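K.L.:
What follows is a single structure, and I will ask about it in a moment.
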Amino acid sequence: MSFRIAINGYGRIGRCFLRALRESPLREQLAIVAINEPADVERMAYLTRFDSTHGPFPGSVELTDGRLMVDGAAIAVSHATTPAEVNWRALEFDLLVEASGRYRYRRELDAFLEAGCPRVLLSHPGSSAADVDKTIVYGMNHESIVGDERVVSAASCTTNAIVPILAILEETFGIEHALTTTLHSVMNDQPLIDGYHHTDLRMTRSAMQSMIPVDTGLAVGVARLLPSLAGRIEAKAIRVPVPNVSAIDLVVTLSRDTSRDEINALLRRATNGGVHRHLAWIDHPSASIDFNHSKFSAIVDGSQTRVSGKRMVNLLVWFDNEWAFVNRMLEIAAFWSQRLAGPSLVGGSR
């Protein structure tokens, strides 16, 4: 029997999650049975069929009696704006994917549990480490899931991209200090033209006409997963006018001397076919569009590796901030379901 999933919030991440499951072998284990989204079902169906970033849906999408039919399977649809408005218990599902991005505090997340959701997977970090039972970067610490968790965060797309690389560098060389600058594609909290969309004055400016500095909690997110770097990493972010695919410009000061060749050889071994199967390494000329729809959490561009003064290292890391992240969420959901099913299945999944 499939592990039954409901989605709360059917925006970019919610729709990509459904589409990624359709394209993944995990569709044999997981099934989406319900979606809660304030928008009407006609628009939900239309934006499932057609996606300007990832192309037409690779299957059938129909409407029948107010329900969304995907490849012939019925998905119940509701249009509530608060957790308590949905009769979650009646939907008989195993996991809620919270993809609206609205709920970060434990008191807010507990509202889902109190309303009948058995467990919740967040598509964003909790406001603090204490607001969730665990923060998981799949491939790094997913085996810490034991099955009795109620609220788990999949961290963020940027955390999933950079934490494994920092872990490799920390283990091999030691890191004295680190600075990340994320060049992130535009998001739907930005206006197309200048307007009164946000209290942050920079975020009132046209998304497609400027590069716009924004706040980021990446340094805090990294420290949750790699406590040894707490107080030694800082982060900046700039929204850039592309619809998808982002990059991280990473600068680290290492604890011992190194060279460009050593860094690239290390990352090449650890990524393509190495121990980190969600990371990749390239050295050919590339542009961001080349990584659209890539499942890799991060792609290290070895052609851009630089070393200054033997210990200061600069890396360029590409990632599809939508597609890679939802695929990690699928894997967390599948692993969580195996933990609940019993240890024999978990052992077979590694």
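No lab work stands behind these numbers, since they all come straight from the coordinates. Quick caveat: nothing in here was measured; it's all calculated off a predicted structure. Don't worry about glycine lacking a Cβ; one is built from the backbone with ideal geometry, like all the others, and counts go over all protein chains shown.
K.L.:
Could you calculate the contour length gain from Ser286 to Ser127, that is, 0.36 nm times the residue separation minus the distance between their Cα atoms, to one decimal place in nm?
P.N.:
53.7 nm
K.L.:
Given the chain, what percent of its DSSP beta bridges are antiparallel, to the nearest 5?
P.N.:
Here the antiparallel bridges make up roughly 50 percent for the chain.
K.L.:
Among DSSP beta bridges lying fully in segment 158-319, give the percent that are antiparallel, nearest 5.
P.N.:
65 percent
K.L.:
Using the alpha-carbon centroid of each, what span in Å lies between segment 282-341 and segment 189-246?
P.N.:
18 Å
K.L.:
Which one is right for this structure if Rg/Rh (Cα atoms, Kirkwood Rh) is calculated from it: (1) 1.05; (2) 1.11; (3) 0.97?
P.N.:
Among (1) 1.05; (2) 1.11; (3) 0.97, the one derived from this structure is (3).
K.L.:
Take the Cα of Glu85, step 7 Å along the line toward its Cβ, and report every residue of segment 19-36 whose backbone nitrogen sits under 12 Å from that point.
P.N.:
36, by backbone N distance to the label point.
K.L.:
Taking a cut-off of 12 Å between Cα atoms, list the aspartates and glutamates near Lys310, but don't count ones fewer than 8 places away on the same chain.
P.N.:
Asp257, Asp261, Glu262
K.L.:
How much length would be gained if the chain were fully extended between Ser303 and Asp194, taking 0.36 nm per residue of separation minus their Cα-Cα distance, in nm to one decimal?
P.N.:
Here the answer is 35.5 nm.
K.L.:
Calculate for the chain the 222 nm mean residue ellipticity that helices alone would give, adding -39,500 (n - 2.57) per DSSP H run of length 4 or more and normalising by residue count, nearest 500 deg cm²/dmol.
P.N.:
When only DSSP H runs of four or more count, the value is -8000 deg cm²/dmol.
K.L.:
What does DSSP give for segment 1-145 in terms of the percent of beta bridges that are antiparallel, rounded to the nearest 5?
P.N.:
30 percent
K.L.:
Relative contact order of the chain, please, whole-number percent, based on alpha carbon pairs below 8 angstrom and at least 6 residues apart.
P.N.:
Reported relative contact order: 16 percent.
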